[in-house]
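The values are calculated or read from the model by the stated rules, or taken from the named source; none is laboratory data. Only a predicted model underlies this, so the values are computations on that prediction, with no experimental measurement involved. Cβ coordinates were reconstructed from backbone atoms using ideal geometry, including for glycine residues, and neighbour counts include every protein chain displayed.
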């Protein structure tokens, strides 16, 4: 982050943002745009070039979160439990399913790609949890136009009421 005595380590960078921010400078990387949504609406362009299944929340969670039956802090804890192994998240392992290709082999997500959903910027979102896990396994992350570290993401998640340690 700017102003740090020590610059962030060199390494691959991913952007996490929403589809609506495509025209906002710094919110999308120079690479592909990929969805991390469980139910992207293709007619609204929410598929991008494919889906990163690793970070698409389970279908059973979505109605509970949207109806208020599951609060955001519980949602975050469930995602943390689900993703705790970090399986398939490291640079060189993370992949996406290309749009329109049934059962294709995964294509590698690379530095410069952007992972998107449709949640508004600044509102609690699973992008924040994904950012934490990506940082854990060696990615650098630009979240909603801002370079972040694990401390910055922890502050965002703390504001949602999720006090569980990362």
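Can you tell me which residues in the range 26-53 are within 21 Å of residue 139 (Cα to Cα) and assigned to a loop (DSSP other than H, G, I, E, B)?
Residues satisfying the conditions are 26, 27, 28, 29, 30, 31, 32, 36, 37, 49, 52.
From (1) surrounded by fewer than 18 Cβ atoms within 10 Å (Cβ to Cβ); (2) within 14 Å of the chain's Cα centre (by Cα); (3) at pLDDT below 90, pick out the condition that doesn't hold for residue 117.
Only one criterion is unmet by residue 117, namely (1).
Of everything in the range 56-113 that's touching a strand residue (DSSP E or B) at 6+ places or on another chain (Cβ under 6 Å) and surrounded by fewer than 14 Cβ atoms within 10 Å (Cβ to Cβ), which residue is farthest from residue 29 (Cα to Cα)?
Within the range 56-113, the match that is farthest from residue 29 (Cα to Cα) is 104.
Is it the case, given these coordinates, that residue 22 is surrounded by fewer than 14 Cβ atoms within 10 Å (Cβ to Cβ) and either at pLDDT 85 or above or at negative phi (or both)? Outline the logic, then answer.
Details: surrounded by fewer than 14 Cβ atoms within 10 Å (Cβ to Cβ): no; either at pLDDT 85 or above or at negative phi (or both): yes.
Considered against the rule, which asks whether it is surrounded by fewer than 14 Cβ atoms within 10 Å (Cβ to Cβ) and either at pLDDT 85 or above or at negative phi (or both), residue 22 comes out as no.
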